[in-house]
Amino acid sequence: LPLAEPAAGAGEKQAGTKPEERAGPTPERLRKRLVRKTDGRYLILYQPRKDSPSR
Amino acid sequence: VSELRWHPLLREWVTVAPWRQARTYHPPAEFCPLCPTRPGQPQTEVPEPDYHIAVFENRFPSYTGDQGRAEVVCYTPVHDSSLGAQPLERVRDLVEVWADRTRELAELPSVRYVFVFENRGEEIGVTLHHPHGQVYAYPFVPPVLERELAASAEHQRRSGGCIYCEVLAAEAGGERVVSRDDRWIAFVPSFNRWPYEVHLAPTAHAGLLGELDDPQAWSLAAVLKDVLERYDRLFDRPLPYVMAMHQRPPGAGFDHHHLHVELYPPNRTADRLKYLAGSELGAGAFILDVRAEDAARELREA
């Protein structure tokens with residue numbers, strides 16, 4: 001089947017993948033604010049977190 | 001959504017997104033869509049009077065909805081600037097934003113790869129001059145990453161080690177190093193395909209930006225900033241480039257991949273570009289007229 005195409009984005013990710021395995025630490029230096037724009041698209045504003053130990 | 005068409009000869013996906021033909025093209029600075037919205041002026045993509053770092057869905061996306069995402073990352077509210085000109089603190093913040101976007105977009109069910117990149121300069125095809133990068137969340141692993149992953153997986157099967165760790169061990173302290181500290185190293189690889197191509201990588205094996213600890217993230221910011229400043233000093237002009245962050249795909253089974261950043265300026269001299277032509281585009285074979293060792297020396301001295 002030389003013309004057979006794989007299913008992009010279909011099925012599961014690699015075996016053993018779970019969201020909690022992929023999730024890392026949440027941002028520490030920044031805080032996020034989500035804004036929904038009038039056309040439905042999202043905007044994320046990242047602001048410095050003044051109390052971050054990394055700052 | 002975009003149409004994905006399968007290239008049966010190269011065994012890779014081609015993405016068709018005709019609406020991108022209408023995307024904003026070189027607007028004058030006063031109508032920049034990436035600047036904050038000024039009082040009394042038309043609303044931009046960021047309807048705020050100021051911002052630190054802003055991320056939004058591309059108005060002309062290559063991927064959207066259930067297929068994936070195309071995001072724009074505005075590095076600064078200042079229009080006339082660049083990534084390399086940002087204070088170190090802000091570059092460090094960007095490392096966190098890139099890691100956060102990677103983490104969040106990798107959670108989308110259809111996403112198989114999250115690609116953080118920047119196109120800089122008109123020579124690269126940039127249509128908006130405001131300092132910004134992009135993030136694509138693809139519904140497939142892109143071909144270049146797929147080839148890298150296959151190479152590193154095969155190397156690990158054969159030798160048990162990481163191929164990129166071995167590249168770093170060979171380059172560290174050598175004549176192709178451009179910049180480094182204890183945690184990150186920047187070098188012109190011996191196998192460069194662009195005259196002033198530079199790779200940056202952590203000396204300790206890691207696959208994702210989100211796996212870096214705080215000192216490693218600071219180090220990435222410092223070495224990246226240093227290389228970008230050298231680029232602009234090299235020919236005493238803003239050097240165009242593509243910046244490509246090669247992280248491992250989401251999911252299990254990719255621990256063999258070594259996170260690295262690749263930078264490809266198209267220039268071969270101050271005013272001459274290397275074009276991808278017959279050999280490169282038609283045959284996939286890069287022909288290079290600058291030695292990596294000479295390019296690295298020029299960048300060290302810049």
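The values are calculated or read from the model by the stated rules, or taken from the named source; none is laboratory data. Computed from a predicted model, the values in this text were never measured in an experiment. We place every Cβ from the backbone using ideal geometry, glycine too, and count neighbours over all the protein chains shown.
Below are the figures for this structure:
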item	result
Lone qualifier among B:TRP13, B:TRP19, B:TRP6 - being within 12 Å of chain A (Cβ to nearest Cβ), touching a residue at least 40 places away in the same chain (Cβ under 8 Å), more than 30 Å from B:ARG233 (Cβ to Cβ) and among the hydrophobic types (A, V, I, L, M, F, W, C)	B:TRP13
Whichever residue in the range B:142-160 is among the aliphatic types (A, V, I, L, M) and surrounded by fewer than 19 Cβ atoms within 10 Å (Cβ to Cβ) and, among such residues, is farthest from B:LEU273 (Cα to Cα)	B:ALA153
Wholly within the range B:178-263, strands (runs of 3 or more DSSP E) carrying at least 1 residues that are within 14 Å of chain A (Cβ to nearest Cβ), closer than 17 Å to B:VAL116 by Cβ and in contact with a Ser or Thr (Cβ under 9 Å, 6 or more places away or on another chain)	none
Odd one out for A:ARG31 among (1) farther than 15 Å from B:ARG90 by Cα; (2) at pLDDT 85 or above; (3) more than 7 Å from every other protein chain (Cβ to nearest Cβ)	(1)
Meets criteria (touching a helix residue (DSSP H, G or I) at 6+ places or on another chain (Cβ under 8 Å) and more than 20 Å from B:LEU224 (Cβ to Cβ)) for B:TYR164	no
The range B:9-27, subset exposed (fewer than 11 other Cβ atoms within 10 Å of the Cβ) and in contact with a helix residue (DSSP H, G or I) (Cβ under 9 Å, 6 or more places away or on another chain), residue farthest from B:GLU122 (Cα to Cα)	B:LEU10
Residue list for the range B:100-127, restricted to those being at the interface with chain A (Cβ under 7 Å from one of its Cβ atoms), surrounded by 18 or more Cβ atoms within 10 Å (Cβ to Cβ) and not basic (Lys, Arg)	B:ASP100, B:ALA106, B:SER110
Which numbered condition B:ASP93 misses (of (1) surrounded by fewer than 23 Cβ atoms within 10 Å (Cβ to Cβ); (2) charged (D, E, K, R); (3) under 23 Å from B:PRO215 (Cα atoms))	(1)
